[in-house]
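Everything below concerns the one structure shown next.
The values are calculated or read from the model by the stated rules, or taken from the named source; none is laboratory data. Keep in mind it's a predicted model, so treat the numbers as computed, not measured. Backbone-built Cβ (ideal geometry, glycine too); neighbour counts: all protein chains shown. Accessible surface is based on the protein model in full, side chains and every heavy atom, while ligands, DNA and RNA are left aside. Shrake-Rupley method; radii C 1.70, N 1.55, O 1.52, S 1.80 Å.
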Amino acid sequence: MQTKWLEDLIALSHTGSLTRAAERQHVTHPAFGRRIRALEAWAGAPLIERHGSSVRLTSQGEKLLGFALQLVPAMAQARSDVAAAGGQGRTATVTLATGRTLARTVAADWLSRIRRQRAGVRVVVSTGHMAETLQRFERGEADFMLTYHHPLIAVRLSSHQYLQRRVASDRLVPVGKVNANGQASFSFEQAEPVPYLAYAQTLALGRLVSDHLSNHPKAPRLAETIESDSADALLEYALKGLGVAWLPWSLAAGACKARRLAPVGSKALEIGFEVRMVRAKRRLSPAAESFWQTVDPG
């Protein structure tokens, strides 16, 4: 049995789809299916049930998933402990996995605030889409994960295996370029649809904005003109006057204070969310445990 087979099972439990799980594991759909069948052969029991295009775990699969959620991080911890034992006297390292936008905004602010507490500790920050970040974290490749939290986009993490603490509160604000009069160039009251700078639906923020606009009784008339999988790119497009984007305030605040961007519409169109730090309940390295203590539980 290979550890990556257990990682496949974890990915499948999150996605409920062989295709999406294969994408998360960076393998082809046929190869992923073969690995799941190999795991079933090793376990001696069926682990998944197909229901149309979706897949769910059998009772045996759920039982093995419980072991997988303990074993995969434990193997990563063993590797970390062995490496630490062989590196006595070296600078302690703490690893943090997060999204690209969070690394630039909330993570940067937070690391600046705890500069004294992390003296002598090397912090390694790895970034990617949140699905990639979650995958690395579950494999035990990072001590901590910094992630968005909202009921619509919350990642599925067992409270028996992980701890979470709120690091910051943020909100998605519709913003547009400021005109020569110091006002937003666009208005949701205008007759024609407003050019809309959208997130790709592969992004958690994209799903959050789409759901918000679909269910808002006073959603503005929008004409999607650009889609991107990067909040940083959407910020640049908004600064160039290409349309309105729902940006994290932590990302857009500087441009708004410099009067290069301005909020568009009422506060009712904003979307609040939290940013949370997540860790495994298992024992971490001394440096990582000290790092965790800097996260205010309130």
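Here are the numbers for this structure:
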{"quantity": "Number of the condition not met by Pro220 [criteria: (1) in contact (Cβ under 8 Å) with a residue 60 or more places away in the chain; (2) touching a helix residue (DSSP H, G or I) at 6+ places or on another chain (Cβ under 8 Å)]", "calculated": "(1)"}
{"quantity": "Search result, residues across segment 119-130 that are more than 7 Å from Ala97 (Cα to Cα), out of contact with any helix residue (DSSP H, G or I) (no Cβ under 6 Å at 6 or more places or on another chain) and assigned to a strand (DSSP E or B)", "calculated": "Arg122, Val123, Val124"}
{"quantity": "Within segment 131-154, considering residues that are part of a loop (DSSP other than H, G, I, E, B) and in contact with a strand residue (DSSP E or B) (Cβ under 6 Å, 6 or more places away or on another chain), the one least open to solvent (accessible area, probe 1.4 Å)", "calculated": "Ala142"}
{"quantity": "Check on Glu224, in a loop (DSSP other than H, G, I, E, B) and open to solvent by 20 Å² or more (accessible area, probe 1.4 Å)", "calculated": "no"}
{"quantity": "All positions within segment 89-130 that are of a type in the set (A, V, I, L, M) and open to solvent by less than 20 Å² (accessible area, probe 1.4 Å)", "calculated": "Val94, Leu96, Ala97, Leu102, Val106, Ala107, Ile114"}
{"quantity": "Single match in Glu40, Glu49 (criterion: open to solvent by less than 80 Å² (accessible area, probe 1.4 Å), among the charged types (D, E, K, R), part of a helix (DSSP H, G or I) and farther than 19 Å from Glu141 by Cβ)", "calculated": "Glu40"}
{"quantity": "Search result, residues across segment 174-191 that are free of Cβ contacts under 8 Å to residues at least 12 places away in the same chain and either open to solvent by less than 20 Å² (accessible area, probe 1.4 Å) or of a type outside the set (A, V, I, L, M, F, W, C) (or both)", "calculated": "Asn179, Asn181, Glu189, Gln190"}
{"quantity": "Residue that is nearest to Ala68 (Cα to Cα) [pool: residues in segment 5-37 that are open to solvent by 80 Å² or more (accessible area, probe 1.4 Å) and part of a helix (DSSP H, G or I)]", "calculated": "Arg37"}
{"quantity": "Residue identified as within 26 Å of Thr95 (Cα to Cα) and acidic (Asp, Glu) among Asp170, Asp211", "calculated": "Asp170"}
{"quantity": "Some residue of segment 179-198 being outside any loop (DSSP other than H, G, I, E, B), closer than 30 Å to Val155 by Cβ and in contact with a helix residue (DSSP H, G or I) (Cβ under 8 Å, 6 or more places away or on another chain)", "calculated": "yes"}
{"quantity": "Long-range neighbours under 9 Å by Cβ, at least six apart or interchain, first residue without any contact (Cβ under 8 Å) to a residue 40 or more places away in the chain and closer than 12 Å to Asp8 by Cβ within segment 38-55, second assigned to a strand (DSSP E or B) and open to solvent by less than 80 Å² (accessible area, probe 1.4 Å)", "calculated": "Glu40/Ile48; Leu47/Leu57; Ile48/Val55; Ile48/Leu57"}
{"quantity": "Residue within segment 160-172 that is open to solvent by 50 Å² or more (accessible area, probe 1.4 Å), outside any strand (DSSP E or B) and not hydrophobic (A, V, I, L, M, F, W, C) present", "calculated": "yes"}
{"quantity": "Residue match in segment 247-264 (condition: open to solvent by less than 20 Å² (accessible area, probe 1.4 Å), under 14 Å from Ala184 (Cβ atoms) and within 17 Å of the chain's Cα centre (by Cα))", "calculated": "yes"}
{"quantity": "Verdict on Arg116 being modelled with pLDDT under 80, more than 25 Å from Leu6 (Cβ to Cβ) and charged (D, E, K, R)", "calculated": "yes"}
{"quantity": "Verdict on Leu197 being aliphatic (A, V, I, L, M), over 26 Å from His26 (Cα atoms) and in contact (Cβ under 8 Å) with a residue 40 or more places away in the chain", "calculated": "yes"}
{"quantity": "Scan of segment 227-244 for residues that are in contact with a Gly (Cβ under 8 Å, 6 or more places away or on another chain) and open to solvent by less than 50 Å² (accessible area, probe 1.4 Å), ordered by number", "calculated": "Ala238, Gly241, Gly243, Val244"}
{"quantity": "Condition check for Val209: touching a Lys or Arg at 6+ places or on another chain (Cβ under 7 Å), hydrophobic (A, V, I, L, M, F, W, C) and touching a residue at least 12 places away in the same chain (Cβ under 8 Å)", "calculated": "no"}
